[in-house]
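Quick notes on the structure that follows.
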Amino acid sequence: MTSAALPSDPPIDDAELSTTETLDRSLLSAVARSGEIEQALATDASRFRVLTGDRPTGRLHLGHYLGTLANRVRLQDLGVQTMLLVADYQVITDRDDAGPIAERTRELVTDYLAAGIDPARTTIFAHSAVPALNQLMLPFLSLVTDSELRRNPTVKAENEATGGRPMSGLLLTYPVHQAADILFCKANLVPVGKDQLPHLELTRVIARRFNERYAGGRTVFPSPDALLSDAVNVLGVDGQKMSKSRRNTIDLAMTEDETTKQLKRAVTDSDRNITYDPVGRPEVANLLSIAAQLGAGTPEELAAQIGDGGGGGLKKLVTEAVNEHLRPIRARRRELEADPGYLASVLAEGNARANEIADATLAEVREAMGMTYV
Ligand code: TRP
(Lines give C-alpha, C1' and ligand atoms only; values in the text may rest on other atoms or scores of the structure.)
Protein backbone atom coordinates (compact mmCIF):
# COMPACT_ATOMS: atom_id res chain seq x y z
CA MET A 1 0.00 0.00 0.00
CA THR A 2 2.52 2.58 -1.10
CA SER A 3 0.49 4.63 -3.56
CA ALA A 4 1.55 8.26 -3.35
CA ALA A 5 -1.37 10.42 -2.36
CA LEU A 6 -1.58 13.90 -3.83
CA PRO A 7 -1.66 16.61 -1.15
CA SER A 8 -5.31 17.33 -1.94
CA ASP A 9 -6.34 13.71 -1.56
CA PRO A 10 -8.39 12.65 1.39
CA PRO A 11 -6.33 10.16 3.41
CA ILE A 12 -6.42 6.63 2.11
CA ASP A 13 -8.61 4.57 4.33
CA ASP A 14 -6.64 1.43 4.99
CA ALA A 15 -8.13 0.98 8.42
CA GLU A 16 -9.26 -2.47 9.35
CA LEU A 17 -12.69 -3.22 8.00
CA SER A 18 -15.61 -5.26 9.20
CA THR A 19 -14.67 -5.85 12.76
CA THR A 20 -17.69 -5.83 15.05
CA GLU A 21 -16.76 -2.32 16.04
CA THR A 22 -16.77 -1.13 12.45
CA LEU A 23 -20.15 -2.74 11.92
CA ASP A 24 -21.65 -1.08 14.98
CA ARG A 25 -20.27 2.25 13.89
CA SER A 26 -21.54 1.86 10.36
CA LEU A 27 -24.93 0.78 11.70
CA LEU A 28 -25.21 3.89 13.85
CA SER A 29 -24.16 6.24 11.09
CA ALA A 30 -26.42 4.50 8.58
CA VAL A 31 -29.40 4.94 10.90
CA ALA A 32 -28.58 8.63 11.33
CA ARG A 33 -27.99 9.19 7.59
CA SER A 34 -31.15 7.33 6.62
CA GLY A 35 -33.27 9.96 8.38
CA GLU A 36 -31.55 12.78 6.50
CA ILE A 37 -31.84 10.91 3.22
CA GLU A 38 -35.58 10.40 3.66
CA GLN A 39 -35.94 14.17 3.92
CA ALA A 40 -33.83 14.77 0.83
CA LEU A 41 -35.93 12.17 -1.00
CA ALA A 42 -39.08 14.07 -0.18
CA THR A 43 -37.70 17.29 -1.65
CA ASP A 44 -35.64 16.13 -4.64
CA ALA A 45 -35.85 12.43 -5.40
CA SER A 46 -34.21 12.79 -8.82
CA ARG A 47 -30.81 13.44 -7.14
CA PHE A 48 -30.71 9.80 -6.22
CA ARG A 49 -29.85 6.72 -8.16
CA VAL A 50 -30.78 3.57 -6.32
CA LEU A 51 -29.47 0.09 -7.02
CA THR A 52 -30.88 -2.98 -5.32
CA GLY A 53 -31.17 -6.60 -6.25
CA ASP A 54 -32.07 -10.15 -5.36
CA ARG A 55 -30.62 -13.55 -5.95
CA PRO A 56 -32.96 -15.50 -8.22
CA THR A 57 -33.37 -18.47 -5.89
CA GLY A 58 -37.16 -18.78 -5.76
CA ARG A 59 -40.42 -16.91 -5.60
CA LEU A 60 -40.68 -13.73 -3.55
CA HIS A 61 -42.72 -13.90 -0.36
CA LEU A 62 -44.26 -11.47 2.12
CA GLY A 63 -40.89 -11.07 3.86
CA HIS A 64 -39.40 -9.71 0.63
CA TYR A 65 -42.50 -7.69 -0.16
CA LEU A 66 -42.74 -5.95 3.21
CA GLY A 67 -38.99 -5.81 3.77
CA THR A 68 -37.80 -4.39 0.47
CA LEU A 69 -40.03 -4.68 -2.56
CA ALA A 70 -42.75 -2.27 -1.44
CA ASN A 71 -40.03 0.24 -0.56
CA ARG A 72 -38.46 -0.05 -4.02
CA VAL A 73 -41.81 0.68 -5.59
CA ARG A 74 -42.16 3.68 -3.28
CA LEU A 75 -38.72 5.04 -4.29
CA GLN A 76 -39.48 4.50 -7.96
CA ASP A 77 -42.78 6.32 -7.58
CA LEU A 78 -41.05 9.21 -5.81
CA GLY A 79 -39.02 9.75 -8.98
CA VAL A 80 -35.71 8.15 -7.96
CA GLN A 81 -33.75 6.58 -10.82
CA THR A 82 -33.86 2.90 -9.94
CA MET A 83 -31.77 -0.04 -11.08
CA LEU A 84 -32.96 -3.51 -10.13
CA LEU A 85 -30.52 -6.38 -10.40
CA VAL A 86 -31.28 -10.05 -10.87
CA ALA A 87 -28.09 -11.17 -9.13
CA ASP A 88 -27.66 -14.46 -10.98
CA TYR A 89 -23.92 -14.83 -10.42
CA GLN A 90 -24.53 -14.47 -6.68
CA VAL A 91 -26.66 -17.62 -6.72
CA ILE A 92 -23.55 -19.78 -7.16
CA THR A 93 -21.70 -18.37 -4.15
CA ASP A 94 -22.90 -21.04 -1.73
CA ARG A 95 -24.21 -24.01 -3.75
CA ASP A 96 -23.10 -26.49 -6.37
CA ASP A 97 -25.18 -25.33 -9.30
CA ALA A 98 -27.42 -22.48 -10.34
CA GLY A 99 -30.61 -24.59 -10.35
CA PRO A 100 -33.43 -23.77 -12.79
CA ILE A 101 -32.01 -20.26 -13.13
CA ALA A 102 -33.87 -19.13 -16.27
CA GLU A 103 -37.22 -20.05 -14.76
CA ARG A 104 -36.38 -18.40 -11.46
CA THR A 105 -35.19 -15.26 -13.18
CA ARG A 106 -38.46 -15.07 -15.09
CA GLU A 107 -40.40 -15.58 -11.84
CA LEU A 108 -38.44 -12.83 -10.12
CA VAL A 109 -39.14 -10.39 -12.95
CA THR A 110 -42.82 -11.41 -12.77
CA ASP A 111 -42.92 -10.72 -9.03
CA TYR A 112 -41.24 -7.33 -9.53
CA LEU A 113 -43.67 -6.17 -12.20
CA ALA A 114 -46.72 -7.54 -10.39
CA ALA A 115 -45.73 -5.65 -7.24
CA GLY A 116 -45.56 -2.35 -9.11
CA ILE A 117 -42.06 -2.05 -10.54
CA ASP A 118 -42.50 -0.15 -13.80
CA PRO A 119 -39.93 -1.10 -16.46
CA ALA A 120 -40.33 2.31 -18.08
CA ARG A 121 -38.85 3.87 -14.95
CA THR A 122 -36.80 1.06 -13.42
CA THR A 123 -34.01 -0.77 -15.26
CA ILE A 124 -34.27 -4.51 -14.56
CA PHE A 125 -31.15 -6.45 -15.59
CA ALA A 126 -29.05 -9.54 -14.82
CA HIS A 127 -25.37 -9.85 -13.88
CA SER A 128 -24.58 -12.40 -16.52
CA ALA A 129 -25.88 -10.16 -19.31
CA VAL A 130 -23.59 -7.23 -18.52
CA PRO A 131 -19.93 -8.09 -19.27
CA ALA A 132 -18.48 -4.67 -18.45
CA LEU A 133 -20.00 -4.78 -14.96
CA ASN A 134 -18.27 -8.08 -14.30
CA GLN A 135 -14.96 -6.78 -15.64
CA LEU A 136 -14.90 -4.08 -12.95
CA MET A 137 -14.33 -6.87 -10.46
CA LEU A 138 -10.69 -7.17 -11.62
CA PRO A 139 -9.42 -3.70 -10.70
CA PHE A 140 -11.67 -3.75 -7.62
CA LEU A 141 -10.13 -6.99 -6.36
CA SER A 142 -6.75 -5.27 -6.42
CA LEU A 143 -8.04 -2.70 -3.93
CA VAL A 144 -8.89 -5.04 -1.06
CA THR A 145 -6.78 -7.36 1.05
CA ASP A 146 -7.52 -10.98 1.73
CA SER A 147 -7.87 -10.28 5.46
CA GLU A 148 -10.51 -7.63 4.80
CA LEU A 149 -12.43 -10.22 2.79
CA ARG A 150 -12.04 -12.96 5.38
CA ARG A 151 -13.40 -10.76 8.17
CA ASN A 152 -16.73 -10.01 6.46
CA PRO A 153 -19.37 -11.17 8.99
CA THR A 154 -22.08 -11.75 6.37
CA VAL A 155 -19.80 -13.95 4.27
CA LYS A 156 -18.81 -15.84 7.42
CA ALA A 157 -22.46 -16.42 8.33
CA GLU A 158 -23.29 -17.56 4.81
CA ASN A 159 -20.34 -19.91 4.82
CA GLU A 160 -21.40 -21.39 8.14
CA ALA A 161 -24.93 -21.86 6.81
CA THR A 162 -23.59 -24.20 4.10
CA GLY A 163 -22.83 -26.73 6.82
CA GLY A 164 -19.20 -27.46 6.08
CA ARG A 165 -19.04 -26.86 2.33
CA PRO A 166 -15.53 -25.58 1.58
CA MET A 167 -15.65 -21.83 0.93
CA SER A 168 -15.36 -21.02 -2.76
CA GLY A 169 -13.33 -18.10 -4.07
CA LEU A 170 -16.59 -16.55 -5.21
CA LEU A 171 -18.19 -16.69 -1.75
CA LEU A 172 -15.12 -14.97 -0.35
CA THR A 173 -15.03 -12.27 -3.02
CA TYR A 174 -18.66 -11.70 -3.94
CA PRO A 175 -18.84 -8.54 -1.80
CA VAL A 176 -16.33 -7.07 -4.29
CA HIS A 177 -18.61 -8.17 -7.12
CA GLN A 178 -21.45 -6.50 -5.27
CA ALA A 179 -19.37 -3.31 -5.19
CA ALA A 180 -19.25 -3.58 -8.99
CA ASP A 181 -23.06 -3.93 -9.03
CA ILE A 182 -23.39 -0.68 -7.16
CA LEU A 183 -20.55 1.31 -8.70
CA PHE A 184 -20.97 0.40 -12.37
CA CYS A 185 -24.04 2.65 -12.45
CA LYS A 186 -22.69 5.07 -9.84
CA ALA A 187 -25.63 4.45 -7.57
CA ASN A 188 -25.54 6.83 -4.60
CA LEU A 189 -28.19 5.11 -2.53
CA VAL A 190 -28.59 1.44 -1.65
CA PRO A 191 -31.63 0.34 0.36
CA VAL A 192 -30.41 -2.52 2.53
CA GLY A 193 -31.03 -4.58 5.59
CA LYS A 194 -28.44 -4.72 8.35
CA ASP A 195 -26.79 -7.85 6.99
CA GLN A 196 -25.77 -5.99 3.83
CA LEU A 197 -24.01 -3.13 5.64
CA PRO A 198 -20.56 -4.78 5.60
CA HIS A 199 -20.85 -5.07 1.81
CA LEU A 200 -21.83 -1.44 1.48
CA GLU A 201 -18.94 -0.38 3.71
CA LEU A 202 -16.58 -2.34 1.46
CA THR A 203 -18.13 -0.67 -1.59
CA ARG A 204 -17.39 2.73 -0.11
CA VAL A 205 -13.80 1.75 0.58
CA ILE A 206 -13.36 0.43 -2.96
CA ALA A 207 -14.78 3.66 -4.42
CA ARG A 208 -12.41 5.78 -2.31
CA ARG A 209 -9.39 3.66 -3.01
CA PHE A 210 -10.10 3.56 -6.72
CA ASN A 211 -10.36 7.33 -6.87
CA GLU A 212 -7.16 7.78 -4.90
CA ARG A 213 -4.96 5.10 -6.36
CA TYR A 214 -6.08 4.89 -9.94
CA ALA A 215 -7.69 8.24 -10.71
CA GLY A 216 -5.33 10.73 -9.05
CA GLY A 217 -8.00 11.77 -6.57
CA ARG A 218 -10.71 12.45 -9.15
CA THR A 219 -14.14 11.15 -8.20
CA VAL A 220 -14.71 8.43 -10.76
CA PHE A 221 -16.86 6.57 -8.23
CA PRO A 222 -19.07 8.41 -5.72
CA SER A 223 -19.48 6.78 -2.29
CA PRO A 224 -22.96 5.34 -1.93
CA ASP A 225 -25.09 5.67 1.19
CA ALA A 226 -27.14 2.91 2.77
CA LEU A 227 -30.84 3.50 3.21
CA LEU A 228 -31.77 1.28 6.15
CA SER A 229 -35.34 0.15 6.15
CA ASP A 230 -37.29 0.32 9.38
CA ALA A 231 -39.43 -2.62 8.29
CA VAL A 232 -40.01 -5.14 11.03
CA ASN A 233 -38.58 -8.59 10.38
CA VAL A 234 -41.36 -10.80 9.03
CA LEU A 235 -41.65 -14.23 10.62
CA GLY A 236 -43.03 -17.23 8.81
CA VAL A 237 -45.97 -19.37 9.90
CA ASP A 238 -43.69 -21.41 12.19
CA GLY A 239 -42.59 -18.31 14.09
CA GLN A 240 -39.05 -18.42 12.61
CA LYS A 241 -37.65 -15.94 10.09
CA MET A 242 -39.68 -16.20 6.87
CA SER A 243 -37.53 -18.07 4.40
CA LYS A 244 -38.08 -20.43 1.51
CA SER A 245 -35.85 -23.15 2.93
CA ARG A 246 -38.10 -23.36 6.01
CA ARG A 247 -41.27 -23.72 3.91
CA ASN A 248 -42.92 -21.17 6.17
CA THR A 249 -43.54 -18.47 3.58
CA ILE A 250 -46.55 -16.75 2.11
CA ASP A 251 -45.60 -16.19 -1.51
CA LEU A 252 -46.84 -13.45 -3.78
CA ALA A 253 -47.56 -16.23 -6.27
CA MET A 254 -49.80 -18.29 -3.97
CA THR A 255 -53.54 -18.54 -4.57
CA GLU A 256 -55.97 -17.29 -1.92
CA ASP A 257 -56.71 -20.89 -0.93
CA GLU A 258 -53.03 -21.71 -0.55
CA THR A 259 -52.62 -18.59 1.57
CA THR A 260 -55.55 -19.57 3.78
CA LYS A 261 -54.15 -23.07 4.24
CA GLN A 262 -50.68 -21.80 5.01
CA LEU A 263 -51.95 -19.28 7.58
CA LYS A 264 -54.10 -21.97 9.24
CA ARG A 265 -50.80 -23.64 10.16
CA ALA A 266 -49.51 -20.45 11.79
CA VAL A 267 -48.17 -20.81 15.31
CA THR A 268 -50.02 -18.71 17.91
CA ASP A 269 -50.46 -19.34 21.64
CA SER A 270 -53.17 -20.55 24.00
CA ASP A 271 -54.29 -17.14 25.33
CA ARG A 272 -57.61 -16.43 23.61
CA ASN A 273 -57.40 -12.74 24.34
CA ILE A 274 -55.36 -11.22 21.52
CA THR A 275 -52.91 -8.48 22.53
CA TYR A 276 -49.99 -6.85 20.74
CA ASP A 277 -46.93 -7.86 22.74
CA PRO A 278 -43.89 -8.31 20.47
CA VAL A 279 -41.66 -9.49 23.32
CA GLY A 280 -44.03 -11.75 25.26
CA ARG A 281 -46.09 -13.04 22.29
CA PRO A 282 -43.82 -12.80 19.22
CA GLU A 283 -45.89 -15.10 16.95
CA VAL A 284 -49.17 -13.31 17.66
CA ALA A 285 -47.45 -9.92 17.30
CA ASN A 286 -45.94 -10.99 13.97
CA LEU A 287 -49.36 -11.83 12.53
CA LEU A 288 -50.81 -8.55 13.79
CA SER A 289 -47.87 -6.66 12.35
CA ILE A 290 -48.23 -8.33 8.93
CA ALA A 291 -51.87 -7.24 8.73
CA ALA A 292 -50.92 -3.77 10.00
CA GLN A 293 -48.17 -3.33 7.42
CA LEU A 294 -50.64 -4.29 4.71
CA GLY A 295 -52.80 -1.36 5.73
CA ALA A 296 -55.43 -3.03 7.95
CA GLY A 297 -54.88 -0.66 10.92
CA THR A 298 -52.41 -0.43 13.79
CA PRO A 299 -51.46 -3.71 15.49
CA GLU A 300 -53.10 -2.49 18.72
CA GLU A 301 -56.35 -1.63 16.96
CA LEU A 302 -56.40 -4.99 15.26
CA ALA A 303 -55.76 -6.80 18.55
CA ALA A 304 -58.65 -4.92 20.19
CA GLN A 305 -60.87 -5.76 17.24
CA ILE A 306 -60.15 -9.49 17.58
CA GLY A 307 -60.49 -9.37 21.36
CA ASP A 308 -61.33 -12.84 22.69
CA GLY A 309 -61.43 -14.33 19.18
CA GLY A 310 -58.25 -16.32 19.85
CA GLY A 311 -55.85 -17.72 17.28
CA GLY A 312 -58.73 -18.55 14.95
CA GLY A 313 -60.00 -14.97 14.91
CA LEU A 314 -56.49 -13.64 14.43
CA LYS A 315 -55.75 -15.94 11.49
CA LYS A 316 -59.05 -15.08 9.86
CA LEU A 317 -58.29 -11.36 10.03
CA VAL A 318 -54.71 -11.77 8.76
CA THR A 319 -55.78 -14.09 5.93
CA GLU A 320 -58.30 -11.50 4.77
CA ALA A 321 -55.77 -8.66 4.99
CA VAL A 322 -53.15 -10.63 3.04
CA ASN A 323 -55.52 -11.88 0.37
CA GLU A 324 -57.13 -8.50 -0.07
CA HIS A 325 -53.84 -6.63 -0.35
CA LEU A 326 -52.30 -9.17 -2.70
CA ARG A 327 -55.41 -9.59 -4.88
CA PRO A 328 -54.48 -6.98 -7.53
CA ILE A 329 -50.82 -8.03 -7.41
CA ARG A 330 -51.79 -11.66 -7.98
CA ALA A 331 -54.17 -10.78 -10.78
CA ARG A 332 -51.41 -8.83 -12.51
CA ARG A 333 -49.04 -11.72 -11.88
CA ARG A 334 -51.34 -14.12 -13.70
CA GLU A 335 -51.58 -11.77 -16.67
CA LEU A 336 -47.80 -11.46 -16.81
CA GLU A 337 -47.29 -15.22 -16.57
CA ALA A 338 -49.45 -15.61 -19.63
CA ASP A 339 -47.12 -13.34 -21.59
CA PRO A 340 -43.56 -14.73 -21.44
CA GLY A 341 -42.60 -12.75 -24.54
CA TYR A 342 -43.29 -9.51 -22.71
CA LEU A 343 -41.30 -10.63 -19.65
CA ALA A 344 -38.35 -11.51 -21.88
CA SER A 345 -38.53 -8.14 -23.59
CA VAL A 346 -38.50 -6.29 -20.27
CA LEU A 347 -35.30 -8.04 -19.26
CA ALA A 348 -33.75 -7.61 -22.72
CA GLU A 349 -34.39 -3.87 -22.63
CA GLY A 350 -33.10 -3.56 -19.08
CA ASN A 351 -29.97 -5.51 -20.00
CA ALA A 352 -29.36 -3.26 -23.01
CA ARG A 353 -29.68 -0.14 -20.86
CA ALA A 354 -27.40 -1.59 -18.15
CA ASN A 355 -24.82 -2.48 -20.82
CA GLU A 356 -24.76 1.11 -22.09
CA ILE A 357 -24.11 2.38 -18.57
CA ALA A 358 -21.53 -0.31 -17.79
CA ASP A 359 -19.65 0.24 -21.06
CA ALA A 360 -19.41 3.97 -20.36
CA THR A 361 -18.14 3.35 -16.81
CA LEU A 362 -15.60 0.77 -17.94
CA ALA A 363 -14.31 3.22 -20.57
CA GLU A 364 -13.79 5.78 -17.79
CA VAL A 365 -12.02 3.18 -15.66
CA ARG A 366 -9.68 2.20 -18.51
CA GLU A 367 -8.97 5.86 -19.14
CA ALA A 368 -8.24 6.56 -15.47
CA MET A 369 -5.90 3.56 -15.34
CA GLY A 370 -4.12 4.48 -18.58
CA MET A 371 -5.35 1.32 -20.27
CA THR A 372 -6.41 2.91 -23.53
CA TYR A 373 -4.47 1.37 -26.35
CA VAL A 374 -6.89 1.44 -29.22
N1 TRP B 1 -26.68 -9.67 -1.64
C2 TRP B 1 -28.05 -9.30 -1.89
C3 TRP B 1 -28.94 -10.38 -1.26
O4 TRP B 1 -28.48 -11.47 -0.98
C5 TRP B 1 -28.39 -9.19 -3.36
C6 TRP B 1 -27.56 -8.16 -4.07
C7 TRP B 1 -26.67 -8.39 -5.07
C8 TRP B 1 -27.52 -6.76 -3.82
N9 TRP B 1 -26.07 -7.23 -5.47
C10 TRP B 1 -26.57 -6.22 -4.74
C11 TRP B 1 -28.18 -5.91 -2.92
C12 TRP B 1 -26.27 -4.87 -4.72
C13 TRP B 1 -27.87 -4.55 -2.92
C14 TRP B 1 -26.92 -4.04 -3.83
O15 TRP B 1 -30.10 -10.12 -1.06
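Quick notes on this one:
- Put simply, the amide H of residue 228, placed in the peptide plane, has neighbours under 5 Å in 34, 192, leaving out anything fewer than 5 places away on its chain.
- Residue 272-residue 300 FRET efficiency (beta carbon distance; Förster radius 25 Å; 0.05 resolution): 0.90
- Helix 282-291 vs. the chain, principal-axis angle (Cα, 0 to 90°, nearest 10): 80
- Top positive-direction residue, dipole computed over the chain with Cβ charges, set 286, 263, 46: 263
- Rounded to the nearest 20 debye, dipole of the chain from Cβ charges on Lys, Arg, Asp, Glu: 340
- If R0 is taken as 51 Å, the Cβ-Cβ distance between residue 238 and residue 369 corresponds to a FRET efficiency of 0.50.
- Close amide-amide hydrogen proximity is noted between residue 189 and 49, 51, 225, each under 5 Å apart and 5 or more residues distant or on a separate chain (H modeled in the peptide plane; Pro and chain starts excluded).
- Convex hull of Cα atoms in the chain, direction-averaged projection (nm²): 20.6
- Inter-part distance where the stretch 240-281 and the stretch 70-119 are each reduced to a Cα centre, Å: 25
- Carbon + sulfur, % of accessible area of the chain - ligands and nucleic acids excluded, 1.4 Å: 52
- Length gained on full extension, residue 25 to residue 215, computed as 0.36 nm times the residue gap minus the Cα-Cα distance: 65.6 nm.
- Where the stretch 42-182 is the region considered: accessible area per residue in Å², 1.4 Å probe: 38
- Cα-based shape type of the stretch 23-149, given that a ≥ b ≥ c are square roots of the gyration tensor eigenvalues and the cut on a/c is 1.5: oblate
- Between the helical axis of 197-209 and the longest alpha-carbon principal axis of the chain there is an angle of about 20 degrees.
- If you count Lys pairs in the chain whose Cα atoms are under 12 Å apart, skipping same-chain pairs closer than 8 places in sequence, the total is 4.
The values are calculated or read from the model by the stated rules, or taken from the named source; none is laboratory data. Not measured: the values here are computed from a predicted model. Glycine gets a Cβ as well: all are built from the backbone with ideal geometry, and neighbour counts include every protein chain shown. Please note that ligands, DNA and RNA were not included when accessible areas were found on the heavy atoms of the full protein model with its side chains. Shrake-Rupley method; radii C 1.70, N 1.55, O 1.52, S 1.80 Å.
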